[in-house]
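Heads up, the thing below is written out as structure tokens.
The values are calculated or read from the model by the stated rules, or taken from the named source; none is laboratory data. The model shown is predicted, which means the values in this text are computed figures rather than measured ones. All Cβ positions, glycine included, derive from the backbone under ideal geometry; neighbour counts span all protein chains shown. Just the protein is used for accessible areas: all its heavy atoms, side chains included, with ligands, DNA and RNA removed. Shrake-Rupley method; radii C 1.70, N 1.55, O 1.52, S 1.80 Å.
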Amino acid sequence: MNMTLIGTTLAALLTIAVYSFLYKDNPFYKFAEHLVVGVSAGYYLVIYYYNFIDPTVVSPVFRLRIGGDAILLGGVDWWMALIPGLLGLILYARFFPKIGWVSRWALGIYVGGYSGLGIAPVMQARVLDQIRGGALPVHALHTGQGWTNLLLVVGLLGTLTYFFFSLKHKGVLGGLARIGIVFIMVGFGASFGYTVMSRVSLLIGRMNFLLHDWLRIV
Amino acid sequence: MNRLGKFLQIDRRWIFLAILIAVLAPFIWPMGLPIVITKPVQDLYNAVDAIPPNGEPLFISIDYSPSTVPELDPMALAILRHAFSKDIRVAVLTLDPAGYGLAERALEAVAAEFGKERHKDYVFLGFQPGISAVVLGMGINIRNVFPEDAYGTPLSEIPMMEGIRNYDQIPLLITLSGTAVVEAWVIYAHQPYDAQIGAGVTAVMATDYYPFLDTGQLVGMLGGMRGAAEYETLIDRHDAGVRGMDSQSVIHILIIVLIVVGNIAYFGSRKRAPETAGGDAAA
Amino acid sequence: MRREIPLAITFLAGMFMLVDFFVPHHRVSAAGEELKQWGTIVIAASILLGIGNLIRVHSKKIARRQSGWGFSLVCLSVMAVMLWFGMWPGAKLGPNPLVGSIAQGSYFNWMYLNMDVPLQGTMFSLLAFFIASAAYRAFRLRSPEASLLLISAIVVMLGRVPLGQLLTKGLPEKATLPWLTEAIMTYPNMAAFRGILMGAALGVMAMGLRIILGIERSYLGGEK
Amino acid sequence: MRALLPALSLSVSVLLALFPPAGRAADAPLSEVVRETAAPAAVTGLQARDYLDNNDRGDKIELSWCLSADDGAGALSVLEYRVWRSQAPDEQGELVATLEPGTAAHVDTGVTPGVAYYYRVEAFDGALSSPAATAGPAVGRINLFQTSRLPVLVLSLAFFAMVIWFTRLAARGTNLFVRRIPGLNAVEEAVGRATEMGRPVLYVPGIGEIDDIQTIASLTILSHVAKIAAEYETPLIVPTARSVVMSAAEEVVKEAYAEAGHPDNYNPDNIRYLSDAQFAFAGAVSGIMMRERPAANLYLGAFWAESLLFAETGFETKAIQVAGTANVSQLPFFVTACDYTLLGEELYAASAYLSREPKLLGGLKGSDWMKVITICIIVAGVVLTALGVPQFGRWFFTQ
């Protein structure tokens, strides 16, 4: 027995333990469930430390100072790495009721920064570009392209109307919104059907593992 | 409740059993159904094929985690095999912390298969957190975000990375992902820096990205195991993707049969027992 | 003050990143990069908050011998083992001893590949079963909308697999299942999704603006 | 015989003009005859201007020109374009680039910001150069505005103005109408049912990080749900996949219990961090559903593939399920497997709608009117393209 074979067997047994959940909740599944939570917690801690905390905070602030030279990190001096390090630390202020409110500073920078960062690119990629992609020529109705373009434009306008909250969906608005629902439903159906494939692939992948990699019967 | 009505309330474990049988059977008795190549796959294949050998490297970002391995690993293997068989250089990175081990495993396996040399033919840049920061940072200078490769060699000492500064020197970047990372590449690399982005995504995410193909924000796309199977067919090297396609067919047919049977039972029983189970499909 | 300072910080950080998008000046770009870097460090540093919660909840269970405490013990001990394998003092990355390394061949990597990968992958694959039972239960022709959902799902399911392609092989191209699938994906599906995306984008922007302006602040918690 | 030579060379050059050889002209010896007498045609329309990228150091100048008439076709096939840069209009200066035929633009990097440069571009056929086209002075500047993003700015400002305007209207007490959103009332109903059955409520705020706006929308809804749960004295379980979301959820729920007047009923053990790993989280939440049997499951926030895992397990435990996400790919599963589903923007609307705080409704109104503008632009675009005005797409082209 070598490590590879032990590993494959262990992985196969764990795989079967998870599938047993389909029959009913049982101790094997509970074991697998708690195991994966523990393993992935350990994995994330280690990966985050090595790839992140260490190179951006620990190394610049501690280790490399010992040598005397301040190093540059993406154009920033070592002491600049202290600021985010402190921001990370003050998240833990919430365990000390007296200064707990300080932890919101870190949250403020993070949430505020990313809210601001999100707005304009979203406007660009999801509104402007999609307007550009959505306003298609529909005058050439003697060609198939004209009709499909018309379909796209009507569907887009209908869907947008469905999400109009300021008025009741009656009359023209109601009609357009209804067209929107039709498109949404066809889209959801298609998406569902498309996904079946993805999910089945996963099952096939696991079966391939059990039969090909572990049992070697196919 | 009549007999049909009872059929509607069937224990779903019978369905689970049927699915299990449907997935296993074709493994034991393969049918070998033909595979048709779709345009997004052909486009991506052509884009990879057009990269000159031993020149600027193809970048592959392995942005998936263990949960999507069955769909995305075959893609990574197929694209790597395509590139290495054409002597195209490859740089691999990952934006998903859980992708580190997977990226390393796929790259080293295929590189060994083709006898490629690290730092000359390929390089593994490792993981960097902060998706948008990394993607944007690469637009300015790759060395700012990946000062060294995954094993600590500075990029400046890696021969194949000489002269590779930013997206201008990257002929194509393919992201393989089961999450919205693809969108980050489009928004932060294609939009500002005009980087050429290709994607390999899970079948479910593929629907999200059809609009991006249409607007040219994505060069091409592989969707799900089917996409991998098509790519494997294009490079003429059958592997897990092609092997699974028969099971796909059988399960799809099984689900459709289940839906049809369910509807027959539903209409047959509706007169007496109005059916209440299930979600309200209307929004 | 306890409320104003975080709101002011949120406002400044948000406005800066918003303005950064429109200002190409390299110093502004560099400052933006730096701010983003801070954000990600904050998130990385936060992971101990979660781990702390996990340890607290499970050790309470173990201490009180609550039902299933054995599983809590499994969870905590496997996490400790993983940490020990990965971070043994003096460890460094790259090809080196089995303990204190995360490179291929180390114990850490072995546990990851043989426990984490198969467990998560298998949990994900449960969806193959669930998608079948959901389809069986919910796809009923009970209203026009539900019928559309059902029909387009069936067409796409058939059109995506080789067997479905064989079913309509002899027919003219525009009547084959792969063509219909592609057509549904490209037209109705894209129109609807584009609409939903645009609507959602406006929601994101409005929410983002409310956050920056401090109108939306429930995520910051209470006043105290 | 002598008279034949010019005639031959003429006919060869005509033939070559009509049927350009596949390789470069230099490979064809006969064309040498012609080459000695004339240089390729010069490029036209040369322009030099400051180049603006998104990390502007002012060290780039962008050149564009129209190809030489002899590029690609003709006997005097262009071999390369040569770009010269100088600081005086009549100097030849320094050769900064040689470019392949077919190139009609170049970005000259490495200029000093604020210095005026002159450019000369020549077409070169291997032997002779065309007369130089000149352009300048051009100055590389460090810009403070990305002009290609003007449309984004204009639309964003219009949007902000509307949101702020409606928020102020609402703050002054104007009654803003918002139509009923199907499914939102179900949230309260679900909590009520769990109370009747004496079972807990499960609230999953998605697996997004707190920088995902959906997560923040979800926390706002959570605050509302927690208040109801506190009033009904029903336990509320909140599993999270992100540490920061967990600590924010703790604050939100604690605050809600205090506001509802039941601060003592708040149980910190019910706000749980499970795992950052997607399916470790999904598996653990399924375990909670099976063992603690919540009667109402609310899934609001950013969800990915785990959506159906939750919804089907929840169905098996016979819980009433309300879902909402802006992740379009997951909506089909929530719609088929849950009792009620909030689609896309409805999730963001929900936080405003449920809290019934007038100020939050301002954002909703603002995005509604932005939708009207968007629809108008699309219709205008369709009409303009039909009328043959092709510029429309270009107005919305940004970088």
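The table below lists the values:
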{"quantity": "Breaking point among (1) within 7 Å of another protein chain (Cβ to nearest Cβ); (2) more than 30 Å from B:Glu104 (Cα to Cα); (3) open to solvent by 10 Å² or more (accessible area, probe 1.4 Å), for C:Ala132", "calculated": "(3)"}
{"quantity": "Within the stretch C:60-75, tally of residues that are over 16 Å from A:Gly42 (Cα atoms) and more than 7 Å from chain A (Cβ to nearest Cβ)", "calculated": "10"}
{"quantity": "Residue in the stretch B:195-204 that is under 20 Å from the mean Cα position of the chain (by Cα) and open to solvent by 10 Å² or more (accessible area, probe 1.4 Å) present", "calculated": "yes"}
{"quantity": "Matching entry among D:Ala260, D:Ala248, D:Ala241, D:Ala284 (being more than 8 Å from chain C (Cβ to nearest Cβ), crowded, with 24+ Cβ neighbours inside 10 Å and small (Gly, Ala, Ser))", "calculated": "D:Ala241"}
{"quantity": "Selected residue [open to solvent by less than 10 Å² (accessible area, probe 1.4 Å), more than 16 Å from the chain's Cα centre (by Cα) and in contact (Cβ under 8 Å) with a residue 12 or more places away in the chain] from B:Val145, B:Val92, B:Val123", "calculated": "B:Val123"}
{"quantity": "In the stretch C:177-224, residue farthest from the other protein chains (Cβ to nearest Cβ) [restricted to those that are in a loop (DSSP other than H, G, I, E, B) and open to solvent by less than 20 Å² (accessible area, probe 1.4 Å)]", "calculated": "C:Gly214"}
{"quantity": "Pick from the stretch C:1-26, criterion in a loop (DSSP other than H, G, I, E, B) and farther than 15 Å from A:Gly112 by Cβ, ranking: least open to solvent (accessible area, probe 1.4 Å)", "calculated": "C:Pro24"}
{"quantity": "Pairs where the first residue, in the stretch A:14-26, is of a type in the set (Asp, Glu) and the second is assigned to a helix (DSSP H, G or I) and crowded, with 21+ Cβ neighbours inside 10 Å, C-beta under 8 Å, 6+ apart", "calculated": "A:Asp25/D:Gly287"}
{"quantity": "Residue within the stretch C:27-44 that is touching a Ser or Thr at 6+ places or on another chain (Cβ under 8 Å), in a helix (DSSP H, G or I) and either open to solvent by 50 Å² or more (accessible area, probe 1.4 Å) or in contact (Cβ under 8 Å) with a residue 40 or more places away in the chain (or both) present", "calculated": "yes"}
{"quantity": "Sole exception among (1) more than 24 Å from C:Gly164 (Cβ to Cβ); (2) in a helix (DSSP H, G or I); (3) of a type outside the set (D, E, K, R) for A:Met207, by number", "calculated": "(1)"}
{"quantity": "Tally of residues being touching a strand residue (DSSP E or B) at 6+ places or on another chain (Cβ under 7 Å) and polar (S, T, N, Q) across the stretch D:259-306", "calculated": "2"}
{"quantity": "C:Ser77 vs. criteria crowded, with 16+ Cβ neighbours inside 10 Å and under 30 Å from C:Leu113 (Cα atoms)", "calculated": "no"}
{"quantity": "Extreme residue, nearest to A:His169 (Cα to Cα), among residues of the stretch D:174-213 that are open to solvent by less than 60 Å² (accessible area, probe 1.4 Å), outside any loop (DSSP other than H, G, I, E, B) and without any contact (Cβ under 8 Å) to a residue 60 or more places away in the chain", "calculated": "D:Gly192"}
{"quantity": "Residues of the stretch A:1-53 satisfying the condition of being among the aliphatic types (A, V, I, L, M) and outside any helix (DSSP H, G or I)", "calculated": "A:Met1"}
{"quantity": "Residue that is surrounded by the most Cβ atoms within 10 Å (Cβ to Cβ) [pool: residues in the stretch D:385-398 that are more than 21 Å from the chain's Cα centre (by Cα) and facing another protein chain (nearest Cβ under 8 Å)]", "calculated": "D:Thr385"}
{"quantity": "Residues located in the stretch B:181-194, provided they are more than 10 Å from chain A (Cβ to nearest Cβ) and surrounded by fewer than 23 Cβ atoms within 10 Å (Cβ to Cβ)", "calculated": "B:Tyr193, B:Asp194"}
{"quantity": "Selected residue [out of contact with any Gly (no Cβ under 8 Å at 6 or more places or on another chain) and over 16 Å from D:Leu360 (Cα atoms)] from D:Ala229, D:Ala116, D:Ala161", "calculated": "D:Ala229"}
{"quantity": "Test for B:Val219: is it more than 20 Å from B:Tyr45 (Cβ to Cβ), more than 8 Å from every other protein chain (Cβ to nearest Cβ) and open to solvent by 10 Å² or more (accessible area, probe 1.4 Å)", "calculated": "no"}
{"quantity": "Failed item in (1) within 12 Å of chain C (Cβ to nearest Cβ); (2) open to solvent by less than 40 Å² (accessible area, probe 1.4 Å); (3) over 16 Å from B:Ser65 (Cβ atoms), with B:Arg81 passing the rest", "calculated": "(1)"}
{"quantity": "Flag if A:Gly205 is more than 25 Å from C:Gly203 (Cα to Cα), under 31 Å from the mean Cα position of the chain (by Cα) and open to solvent by 10 Å² or more (accessible area, probe 1.4 Å)", "calculated": "yes"}
{"quantity": "Unmet requirement for A:Ile90, which otherwise passes all of (1) open to solvent by 30 Å² or more (accessible area, probe 1.4 Å); (2) farther than 26 Å from C:Gly208 by Cα", "calculated": "(2)"}
{"quantity": "Condition check for B:Ala277: at pLDDT below 85, closer than 30 Å to B:Pro34 by Cβ, open to solvent by 10 Å² or more (accessible area, probe 1.4 Å) and of a type outside the set (S, T, N, Q)", "calculated": "no"}
{"quantity": "Selection status of D:Arg120, more than 37 Å from the chain's Cα centre (by Cα) and not β-branched (Val, Ile, Thr)", "calculated": "yes"}
{"quantity": "Those residues of the stretch B:4-48 which are of a type in the set (A, V, I, L, M, F, W, C), in a helix (DSSP H, G or I), open to solvent by 20 Å² or more (accessible area, probe 1.4 Å) and closer than 25 Å to B:Lys86 by Cβ, in sequence order", "calculated": "B:Ala47"}
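Here is a yes/no grid of residues against (1) within 40 Å of the chain's Cα centre (by Cα); (2) at pLDDT 80 or above:
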| position | (1), (2) |
| --- | --- |
| D:Asn54 | yes, no |
| D:Leu63 | yes, yes |
| D:Gly74 | no, no |
| D:Arg85 | yes, yes |
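To keep it simple, each residue is scored yes or no on (1) among the basic types (Lys, Arg); (2) under 30 Å from C:Leu202 (Cβ atoms); (3) part of a strand (DSSP E or B).
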residue	(1), (2), (3)
D:Leu95	no, no, yes
D:Gly102	no, no, no
D:Val107	no, no, yes
D:Thr112	no, no, no
D:Gly136	no, no, yes
D:Asn143	no, yes, no
D:Ser148	no, yes, no
D:Leu155	no, yes, no
D:Ala158	no, yes, no
